[in-house]
Amino acid sequence: MSLPLCCRLPRPMPNHPLTTPQPADRRFGGPAAHRSPAPPRRAVRRFGGLICSGKPVAGGQRTYRRTDGGAAVVVAAGDRRTARPPVRRPAVILAASLIAATAAPALAQYPDAWILPRGALRVSFEPRYVSFDQRFDPDGNAEALGTDFSDSAAGVRLVPTALGAESAIRSITGDGSYTMSAGAFRTTLDSDIRRFPFNFYLGISNRLTVTVSIPFVTTRAQADFVVDSAGANVGWNQAAPTAQGASAATQIQLLLSELEAGAAFVQTQIDAGQFGCPSSPQCDQARDLVARTLIMAGDLSALSGVSADGSTAAELPPFAPLASSSAGQAVLTAVQSINAELQSFGASPLTATLPLPGEPVTTEDVQTLFTEAAFGYLASPIELAKYRQKLGDAEVGVRWGLVQQPKLHTVLSATVRLPTGMRDLPEHFTDIGTGDRQTDLILGAEALWELGSVLAVAASASYTLQLGDELPRRVTSHDQPIVPASTEQVVSRNLGDVLVLSLFPSLKLNQAFSAYASAHYFHKSADRFAVAGSPVDPLGDETQMRSLSFGGGIFYRALRGATLPIEAGIDYRAAFRGSGGLTPKGRTVKIYLRLFYQLFGGPEPEEAETESN
């Protein structure tokens with residue numbers, strides 16, 4: 001299974017012994033390549049000394065010609081000067097990262113190395129609680145679960161639709177190092193998964209048992225999201241419905257129309273042979289002014305999301321530089337400079353001005369950004385505590401008693417996990433699903449060796465083969481977990497296979513109680529993804545996971561009444577080491593109660609009890 005979001009908040013982490021149902025995100029963090037809204041009606045774009053011409057070519061590259069006459073330059077899609085970062089991994093996230101948690105294999109618990117006699121039924125209730133607020137990074141260091149949603153100077157990484165506006169400001173001001181900052185985004189995220197499985201075991205023969213597990217799962221992702229605007233240099237785009245809206249959009253439309261009209265007037269004069277055209281220093285200045293005026297109009301359109309014909313971008317740029325900021329002042333100065341030059345060549349003066357924000361955005365503003373349709377995210381607010389109560393991924397299987405001796409018990413098992421759970425939602429960046437909703441095959445072995453009347457050693461191993469599926473995801477890198485709805489598409493997913501090894505030395509306290517310690521090793525191989533049949537290797541980044549956890553528990557097994565046995569216990573474990581980037585540093589508590597009934601045939605329950613002991 002997989003690991004929300006993300007959800008790296010996590011994408012779901014399949015079959016992790018510390019987790020049960022799958023979360024994020026990964027809410028993966030979920031696929032079309034991320035793209036920022038294209039600036040409306042833009043003929044050209046300039047970045048410093050480069051002017052973009054034409055449409056992106058294969059691979060997302062763009063060709064730029066130099067204003068100084070130098071050779072054209074090809075810039076890859078991942079370059080920050082372009083409007084579209086490269087496609088990477090489905091978001092997370094809750095878990096998406098971290099929580100890509102899938103139902104933990106039953107074999108990660110104290111080995112149940114007994115086989116029921118023919119006709120015996122075991123009914124058990126085995127609730128499990130998993131919680132985590134940290135994850136292991138690729139180097140094995142623990143970091144906060146909300147790391148990917150936090151930034152000391154939040155800009156295009158967390159609000160990618162601001163990328164076009166940021167590039168426009170760089171072009172207008174000539175400052176290639178300018179970056180937007182909405183202030184510090186601080187996100188505290190903690191999650192838990194509560195799994196309530198009802199398990200049924202039926203002895204078909206004295207060697208063969210069939211099993212059914214029906215889990216009901218509750219997941220929670222609690223985020224505390226705060227914006228500290230102390231260092232912010234941007235506020236609302238005044239054309240946005242959350243600011244001045246239509247009135248500002250009308251003013252910007254008028255400004256763009258006047259710029260285009262001024263450029264058209266000067267071009268008409270050039271065509272008519274004015275300014276010493278076709279060849280004179282003044283004519284060259286006029287041509288350069290026309291080009292710079294059109295570039296200015298295009299940049300202002302990209303900054304505001306408004307075009308000269310009155311249309312607006314499908315994903316409206318959310319931010320604009322504060323009027324009091326150095327960038328805001330530089331933009332206004334550049335507009336006035338163009339205005340003065342146009343007038344010097346006989347064009348009419350500009351009557352419209354560019355409206356800029358006076359205040360930075362607040363926490364409530366950023367939450368509105370995610371939910372307001374005009375910005376294109378169409379997502380749930382990050383601060384929402386998401387509770388989900390649904391059926392998890394059910395399981396059916398068989399168990400074969402390979403050795404059933406008084407002091408040695410070994411069992412082989414095969415289980416099919418069914419796609420009955422509910423996945424995390426692409427539009428919720430931090431939620432956790434109740435399962436991966438895909439088919440898995442789990443092969444396992446359990447053994448219990450009683451070394452004497454007091455000491456025993458138990459061990460278990462399981463290998464989960466995760467089969468492929470298709471699902472809708474918003475595709476992004478784990479460190480850019482918030483992306484607009486336009487990035488969503490269907491992805492073919494093959495989650496990595498899972499290996500779990502466990503060891504349980506135990507001490508018998510009396511005839512009924514035993515105490516044990518436990519050690520668990522978890523490994524998941526990298527996930528594989530494809531879009532439209534083509535492999536997308538970057539989507540598997542940091543999806544390989546390893547962890548080592550330790551714990552212990554108490555196990556009770558005795559007769560219930562005169563004949564029927566009863567089993568109960570409590571188990572605790574916590575992850576102490578791990579790596580991978582999306583591996584949750586979780587804590588797990590499990591309790592269980594098992595009751596036995598003789599339905600038909602076979603030895604009496606008391607005989608089964610005697611044999612198992």
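The values are calculated or read from the model by the stated rules, or taken from the named source; none is laboratory data. Quick caveat, the model's predicted, so the values are computed rather than measured. Methodologically, a virtual Cβ is constructed for each residue, glycine included, from the backbone with ideal geometry; neighbour enumeration extends over all protein chains shown. The area values use the complete protein model at the heavy-atom level, side chains included, leaving out ligands, DNA and RNA. Shrake-Rupley method; radii C 1.70, N 1.55, O 1.52, S 1.80 Å.
Below is a table of values for the structure above.
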quantity	calculated
Under the Karplus curve 6.51 cos²θ - 1.76 cosθ + 1.60, θ = phi - 60°, whole-Hz ³J(HN,Hα) for the stretch 293-308, x wherever Gly or Pro sits	5, 5, 4, 4, 4, x, 5, 5, 5, 5, 5, 9, x, 10, 10, 5
Solvent-accessible surface (1.4 angstrom probe) belonging to Lys590, in square angstrom, nearest 10	10
Per-residue ³J(HN,Hα) for the stretch 131-147, Karplus 6.51 cos²θ - 1.76 cosθ + 1.60, θ = phi - 60°, Hz, x for Gly and Pro	9, 6, 9, 9, 9, 9, 7, x, 8, x, 8, 7, 9, 5, 5, x, 4
Residue order for His523, His409 - accessible surface, 1.4 angstrom probe, largest first	His523, His409
Amide N of the stretch 454-482 lying under 16 Å from the label point, which is placed 7 angstrom from the Cα of Glu143 along Cα→Cβ	477-482
Solvent exposure ordering (accessible area, 1.4 Å, most first) of Arg399, Arg587	Arg587, Arg399
Net charge over other residues, Cβ less than 14 angstrom from the Cβ of Ala182 (K, R count +1; D, E count -1)	-4
Most to least packed among 234-240, 431-437, 304-310 [average Cβ atoms within 10 Å]	431-437, 234-240, 304-310
Length-normalised contact order of the stretch 120-261 in % [C-alpha pairs under 8 Å, at least 6 apart]	26
Computed Rg/Rh of the stretch 175-245, alpha carbon atoms with Kirkwood Rh	1.46
Subset of Lys508/Lys590; Lys407/Lys585; Lys407/Lys524 violating a 27 Å alpha-carbon distance limit	Lys407/Lys585; Lys407/Lys524
Whole-angstrom gap from the stretch 256-313 to the stretch 133-164, using each part's C-alpha centre	42
Accessible-area order (highest first, 1.4 angstrom probe) of the listed residues Ile252, Ile204	Ile204, Ile252
Area accessible to solvent at Thr333, 1.4 Å probe radius, in Å²	90
Convex hull volume per residue for the stretch 298-389, taking Cα atoms only, in Å³	108
Karplus (6.51, -1.76, 1.60) ³J(HN,Hα), θ = phi - 60°, over the stretch 323-338, in Hz, Gly and Pro reported as x	4, 8, 6, 4, 5, x, 5, 5, 5, 4, 5, 5, 5, 5, 5, 4
Reciprocal mean inverse distance between Cα atoms of the stretch 242-341 - Kirkwood radius, Å	14.8
Mean Cα-pair separation over length for the stretch 351-423, i.e. relative contact order, pairs under 8 Å, 6 or more apart, %	22
Contour excess over end-to-end distance, with Cα ends at Ser279 and Leu467 and 0.36 nm allotted per residue	60.7 nm
Percent RCO, i.e. relative contact order, over the stretch 296-337, from Cα pairs under 8 Å lying at least 6 residues apart	27
Heavy atoms of Trp400: accessible area, 1.4 Å probe, square angstrom to 10	120
